[in-house]
Amino acid sequence: MLAGCGFSPLYDKRSCGGAQAVSGGATIEVARIDDRIGQVLRNDLRDRLNPSGQTRTPLYTLVVVVDESLAQLVIRRDAASTFSRVRVSARYTLRDRASGEILDKGRSSAAAAFNIVESGFANISAERATRIRAAREVARNIHTRLSLFLRTRHGCD
């Protein structure tokens, strides 16, 4: 029924070069990103964009700049916070390696929250896990946007 409407799934291996067209055929190099959350984001992007591993001659370079913020929410009468929200934001730019031309750019952000408890160690662990969860959501969003861009660029729309 959907075949007649022109719909084709983004990750359908049978349409328009399949996964190669969507992922860029492992042709995207993800530039180094500072900080621990930047490392998590970069590794997740590399795994998503280049599932078979990086080629020796990538066609594109992806540059990502990451921002993080932590907000204390739900303040009790004694001024203690019981809930925190982590926001990870990223600006990305996809460049053609040969010409240096900017092909695509955008922003992505994700927020995740955690409860603050009495244990300091539990709070540190929860905050770290929440930051990683938000960074992976940003990576997933950037991957989807780049996949759509590359699919359109390769004439697959």
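A few remarks follow.
- Within segment 108-129, residues that are farther than 30 Å from residue 93 by Cβ have Cβ atoms under 6 Å from residues that are modelled with pLDDT of 90 or more and β-branched (Val, Ile, Thr) in these pairs: 114/130, counting only partners at least 6 apart in sequence or on another chain.
- Residues that are among the acidic types (Asp, Glu), more than 21 Å from residue 81 (Cβ to Cβ) and in a helix (DSSP H, G or I), drawn from segment 101-157: 137
This table checks each residue for (1) assigned to a strand (DSSP E or B); (2) at negative phi; (3) modelled with pLDDT of 95 or more.
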site	(1), (2), (3)
54	no, yes, no
63	yes, yes, yes
78	no, yes, no
82	yes, yes, no
87	yes, yes, yes
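The values are calculated or read from the model by the stated rules, or taken from the named source; none is laboratory data. Note that the structure is a prediction, hence the values are computed from the model and not measured. Here the Cβ is made from the backbone with ideal geometry for all residues, glycine too, and neighbour counts use every protein chain on show.
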